[in-house]
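To start, the structure under review is shown below, and the notes come after it.
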Amino acid sequence: MPLTRQDAWSQDEDLLLAEVVLRNIREGGTQLKAFEEVGKQLSRTAAACGFRWNSYVRKQYKSGIELAKKQRKEAKKQAKTQEKTEVAAAPVSDAPNIPSEQEKKRSNLSIEAVKQYLDDLYVKAGVADSQDVNKEKIRGLEKQIYYLSAENEKLETQLRSMEEDYRALIDIMERAKKRVGPKGEDQKQKMNFQVEAKGNLEKVEK
């Protein structure tokens, strides 16, 4: 196993490192691959090459890195254009086309199967719509129950008030009979009663 160098980097080694890294960038390779390649040539580790590139050499070749990236981009575009051209210019084969598995599956789909699938979608959509309608109905019924409960409570309060007024009126009439006493009808006709502010009867002479 060869010994790895740990001495200082020379200018020629920096130049070799830069050339290999820029070439890998242009060709679409990775920097790690470039570090490994340089490490084998210089008997250094890939980590040492990467450290030297990131800490010193890369700063000296900023414009070269940008140019290499542009060249890589242009090369990709040219490759795609050439591929499209080759496909368009390819001669049509007289051999019968062999359908793919996906095409076979499509051909096996009958009109009935498609219709059944669409019907299932329609049913699912109808179920979802009916659920939304039921939710709206439930909310409407809940509102009606709330309003009816409030109205019922209001009517019960009014009924209790009327019952209290009725009992008070009966009580006033009973007290009026007691104040008249067992006298004749003529004396009853001469006397009249009015209700005081406190609810008591007051005798009024005609």
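Overview of values
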quantity: In the range 151-184, the residues that are modelled with pLDDT under 75 and surrounded by 10 or more Cβ atoms within 10 Å (Cβ to Cβ); calculated: 152, 166, 180, 183
quantity: Residue in the range 4-22 that is open to solvent by 60 Å² or more (accessible area, probe 1.4 Å), modelled with pLDDT of 95 or more and of a type in the set (Lys, Arg) present; calculated: no
quantity: Count - residues of the range 39-66 that are free of Cβ contacts under 8 Å to residues at least 24 places away in the same chain and aliphatic (A, V, I, L, M); calculated: 2
quantity: Enumeration of residues in the range 23-55 that are outside any loop (DSSP other than H, G, I, E, B), of a type outside the set (S, T, N, Q) and under 16 Å from residue 67 (Cα atoms); calculated: 23, 25, 26
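The values are calculated or read from the model by the stated rules, or taken from the named source; none is laboratory data. Everything numeric in this text was worked out from a predicted model, so none of it was measured. All Cβ positions, glycine included, derive from the backbone under ideal geometry; neighbour counts span all protein chains shown. Protein only, heavy atoms only, side chains kept; ligands, DNA and RNA dropped before computing areas. Shrake-Rupley method; radii C 1.70, N 1.55, O 1.52, S 1.80 Å.
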